[in-house]
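A short write-up of the structure that comes next.
The values are calculated or read from the model by the stated rules, or taken from the named source; none is laboratory data. Being a predicted model, the structure only gives us computed values, none of them experimental. Neighbour counts run over all protein chains shown; Cβ positions are idealised from the backbone, glycine included. Calculation scope for accessible area: heavy atoms of the full protein, side chains included, ligands and nucleic acids excluded. Shrake-Rupley method; radii C 1.70, N 1.55, O 1.52, S 1.80 Å.
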Amino acid sequence: MASWSDPGRRREEVAAMNLETGELVRAVRAELLAGGLEIEESETYVEEYYEDLTFRKGFDHMQQQSMAETFKRSWAAWSVAEDALKEDPSMFGAQSFGLIALGRMLEILKASGLM
């Protein structure tokens, strides 16, 4: 692409790749979101353990559960990416996948007020 003689075509191709990359990132981020959670009694937590955390004040129970599940999914995705990079540091896409997952975890921490 760098050697293309037509700068207009190069610009169009770069714009198309940017659009496709953006759509892929949006799709991965959407997959990390928890949706349609059914809370099992075994997954509930004892409230006294968490009463001093600001996370508990601003969100209802379903929002907390959704954020926790999204964080778990993001953590798992980040762990998979890290393991893949340990096996093969040149693996295509693993760094980007890990950064997307890490970004989602940081967003949750920021929104929760724990950060």
Considering only the range 54-67, state which residues are under 15 Å from E107 (Cα atoms), at pLDDT 75 or above and open to solvent by less than 40 Å² (accessible area, probe 1.4 Å). Q64, S66, M67
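Yes/no matrix, rows are residues, columns are (1) in contact with a Gly (Cβ under 6 Å, 6 or more places away or on another chain); (2) closer than 16 Å to S112 by Cβ; (3) modelled with pLDDT under 50:
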site: E43; (1), (2), (3): no, no, yes
site: F71; (1), (2), (3): no, yes, no
site: D88; (1), (2), (3): no, no, no
site: Q95; (1), (2), (3): no, no, no
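Residue by residue, here is whether (1) closer than 16 Å to A34 by Cα; (2) open to solvent by 80 Å² or more (accessible area, probe 1.4 Å); (3) not basic (K, R) holds:
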{"position": "R73", "(1), (2), (3)": "yes, yes, no"}
{"position": "I100", "(1), (2), (3)": "yes, no, yes"}
{"position": "R104", "(1), (2), (3)": "yes, no, no"}
{"position": "G113", "(1), (2), (3)": "no, no, yes"}
